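One structure below.
Throughout, read-outs are computed from the coordinates displayed, never taken from laboratory work. Note that the structure is predicted; figures quoted are calculated from it, not measured. For neighbour counting, all protein chains shown are included, and Cβ atoms are generated from backbone atoms with ideal geometry for every residue, glycine included.
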Amino acid sequence: QRLAPSSIDFVGSSSITLSAIDSIGQYTSNSTIRQGDYIQSEIPIENFGDVAGSESFTLDVNQESWNETIHYQNVLVNGTSTVVLEYQSSQMVVEGNIWFNISMNDSVSSLSLMASIGPPPLPNARLVLDIITENITSGAQVSFNLTMSNNDGERSFDGRTVCVFQSDEIYNESALLSIDEVVVELISFSARPGILQCSFIDDRNGATSDMIATHTLEGLDSAIFDGAGPSGLALIGGPWHVDDTIDVSLLLRNQGNATGQAHLEIRSSLDVLVVNSSIILDQGQAGDIALSFVLTESGLQDYHWLIRSSDGIVLSGLNGTFSVDVAEEQAMFAEIIAIETQGEVTIGWNVSIDDGVSRDVKLRYGYRISGTDVFVSEQILALGSGIVSGQTQIGEVPGTEVILRMSPVDWTASTNSYIATASLSGEESMYTLSVNPITIPRQLQEGSTATVTLDLENSGQLTGSTGEILLIDSDGTILAQTTTPAMTPSSTSKVDLSFEVPLGTELILTAQWTFDGTVIESEKSFSVELKEVEEESFEIPWVALGGGIATSAAIILILHLRRSSDSEIDLTEKKKKASKKVVKKEVESVERSCPSCERTLRIPGDYSGTVRCPDCSERFEVEAEPVDEIEEEDDDLEIIETPPAKVEISCPECSSTLRVPSDYGGSVRCPSCSTVFSAKQNG
C-alpha cells in the first residue's frame, strides 16, 4: 500500500484548552480564569499523512494592557500523530477579553480564539435597612438598624458604608466584613420627607442583589422652603477691601403644612464652611435669612451657598455661587505744617485715604521731644474720596517737632497707623539784644548825662511781641527805661537811652529786654572819668601884669564869697514843718539762675512770669520781690546849715595849690599838670 505524504494542520479552535495557573505554573482552585491568575493554553496540531514531517508556528497572545509572541520552530509530527503546543503567560491576566492567534509558517493556515477573563475573587456584601422608630413626625429623630453581611463571599469586604438622606450624608463609616460575617449599625437623623439610601463604596463587591438599601419617609407633614423674592441671594454693601465685612441675605417662604427651620450656608471654593445662619418660619410665613462674614483675601473670590433644612423640604433653586472682587486694604495719607504765632503752635493738616469705601479715622495731634511722642488732642474724622484739610491749635510746644498720628477706626488699613511730622526750627521770632560800646559822649564823666545805643534784632521768621527795656547799673539801679514795638521778621532797630552817669571809675551797664514772658540781657563795661574840682590859682604866670591883675582877682573873689555867704545865711532862717510822706523803694534788679545751664540773669525785682534763658532757651517761672513802703515822719525841726570852710591843698607833682571844701574827701585834678590825687590825703 502506498503511504500518504506528510500533511500537518490545526485540529480546530474547539480543541484549544485554557487553564488558570499561579506564578509557579500550578493550577489554581478557581473554576474559571480570574483576574490575577496566569493563563496556560494547549493547542493540538495533527499530521494527517503517513509520513512524518515538521513545521514552524507563531503564537500571538493579547490583552488591552499587554501582549506576548511565542515561536515554535521545526515541530516534528509523525504520520497520523498529534502534537500539543503549550503556552504559559508571563503576565497576570486582567478582567476582560484575551485573544489568541496561532499561524503556521510558510502557510496560510492559522487559528484564532477569544476568551473572557473573569473578575478577581469578590465578597458578597449585602445591606438591609430596618426602621425602629414608630409614629414619625417631621423634625423628630428617626432611627434605623443597618445590617451588613458577607455571606458566601469569596474574600473579605474592606470598604465603607455611606447613607444619604435628601442630599445630606448622615452615615459614612469603614466596613470590614470577613467571609460569612454579619454587622448591625444604628443610624439616626431628623425626620422629614425624603428617601434614605445606603450603599457600599471603596471595595469591589460581587453581590448581585441587596447592594443598596433604601427607605422612604415621603408623605410626612413638614415645612417646604422656597425663595420669596425674584433676586435670590443679595450682596449688601461694597466695594469691599481685605478685612471688610460683607452682608448677604435671602428671602424665604414656608409653603409647607408645618413649622420648619432653614439654614443658609456659605462655603469657599474649596468647600470649607465659611459661615451659616438659620431662620424658623411658620406655615405660610416669609422671612429674611441674613449673615455676615469677613473677606480675608484680595482678588476675585468665589463662594457657594445653599439652603438646608433638618425638618422640611428645600425646593430646587435654593443654592448657587457668587463672586466678590476684593481690593487690597485702603492706605492712609497725611501731611502737616507747623504754624507759629506769638509762641503758640497750630498744626495745619491734609489727610486722605485711597479711593473706595468712606472710613472713620482717628487723628491725634502733639509734638515729639527726646524721641517720645506727646499727644495733646485727638478727633474722629470721616474720610471719603478727596483730601480733607484743617488746622488744630496745640499751644506752646517744648520740642522742635510737631506730629500727627492717623489710625483707622473699626477697619483695617494697609498700615496700623500713618505718622506725619513737621519741624519747628526757624519758625518763630528770635529776639537778640546788644549794648553798643560807643556812648555819647565817648568819655563818661561822673554826674554827667550820657546816651547809650542798644541794637535790637529779630532773626526769626515770625513777627515778635512788644516789650520793655530797662537800663540797670551794677547796683541794680534803673537808670533808664523804654518800651519796644513788635519787630517784623529779619529786622533790626536801635534804641537810644539817656541817663545820669553814677559815681565811680567803672560803670557796668545791663540792658534787660522783657517780651512775651521772656527776659534777655546784654552787659557792657565803661570807664568813667572822675569829676574835676578846680579853683582859681593865685600864681600869676606873667610878671608883666603884676599887681593889677592880682588886685582885680582878689576883689572879684571877695565879692563872690560875700554873695555865697549871704545866700547860705538865708537858708538857715528857713524852717521845715513836720510832715509824713510815703517813700516807695526804687525797684532793684535781682539775680536768678537758669535751672538748666546755671546762667545768671538779672531781672526786675517787681517782675512775675516766665523767663527764657538766652543761652539754652529754657523757660522758667519767677516771682516778684515784695516791695516795702517806708513811712518817714519829719518833726518840726529848725534846720541850720553851716557852709563848710575852704582849705588849701597842694598838688603832689607841682607847686600849684587848690582850695576845696574842708569836708570833701574825693579826688581832684590839678589844673596845671592834670594829676589826679585824693583831697583827703593832702588836706
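Against the empirical 2.2 N^0.38 Å scaling, what ratio does the C-alpha Rg of segment 8-117 come to?
Numbers: Rg = 14.6 Å, N = 110, 2.2 N^0.38 = 13.1 Å.
Relative to the rule-of-thumb radius for its length, segment 8-117 sits at 1.11.
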Calc'd 3J(HN,Hα), segment 343-356, phi into Karplus 6.51 cos²θ - 1.76 cosθ + 1.60 (θ = phi - 60°), Hz, glycine/Pro = x, comes to x, 9, 10, 10, 8, x, 9, 10, 10, 7, 9, 4, 4, x
Once the dipole of segment 332-423 is set up from charges on Cβ (+1 Lys and Arg, -1 Asp and Glu), the residue from the list S370, S417, T346 lying farthest towards its positive end is S417
Kirkwood Rh and Cα Rg combined as Rg/Rh, segment 126-216 = 0.99
Tell me, Kirkwood radius of segment 58-133 from alpha-carbon pair distances, in Å?
-> 16.2 Å
Kirkwood Rh in Å, taken over segment 371-502 so that all alpha-carbon pairs contribute = 19.7 Å
Between T415 and residues 5 or more places away or on another chain, the pairs with built amide H atoms under 5 Å apart involve M332
T259 long-range amide H proximity, modeled H, under 5 Å = Q283
Net dipole in debye of segment 223-327 [+1 Lys, Arg Cβ; -1 Asp, Glu Cβ; about Cα centre; nearest 20] = 300 debye
Kirkwood-based Rg over Rh for segment 332-423 (C-alpha set), two decimals?
-> 0.98
In sequence order, what are the phi-derived ³J(HN,Hα) couplings for segment 191-197 according to the Karplus relation 6.51 cos²θ - 1.76 cosθ + 1.60 with θ = phi - 60°, rounded to whole Hz, with x for glycine and proline?
-> 6, 6, x, x, 10, 8, 9
Neighbourhood net charge (15 Å Cβ-Cβ; Lys/Arg +1, Asp/Glu -1) for G366 = -1
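What ranking do F189, F157 get, fewest neighbouring Cβ atoms within 10 angstrom at the top? Before the final figure, lay out the partial values.
Working: F189 19, F157 27.
With the sparsest Cβ surroundings first, the list reads F189, F157.
May I ask for the Kirkwood hydrodynamic radius of segment 209-263, worked out over all distinct Cα pairs and given in angstroms to one decimal? Before the final figure, lay out each step's value.
Values: mean 1/r = 0.0663 Å⁻¹.
That comes to 15.1 Å for segment 209-263.
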From phi via Karplus (6.51, -1.76, 1.60), per-residue ³J(HN,Hα) for segment 293-300 in Hz, x at Gly/Pro | 8, 8, 8, 9, 10, 8, x, 7
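How big is the antiparallel share of DSSP beta bridges in segment 234-289, given as a percent to the nearest 5? Don't skip to the end; give the middle numbers.
Values: 15 of 15 bridges.
Counting DSSP beta bridges with both partners in segment 234-289, the antiparallel share is about 100 percent.
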For the pair S19 and K362, the simple spin-label estimate (label points 7 Å beyond Cα toward Cβ) gives in nm 9.2 nm
Once amide hydrogens are built 1.01 Å from N within the peptide plane, the residues lying 5 or more places from S56 or on another chain with amide H under 5 Å from its amide H are N74, V75, N105
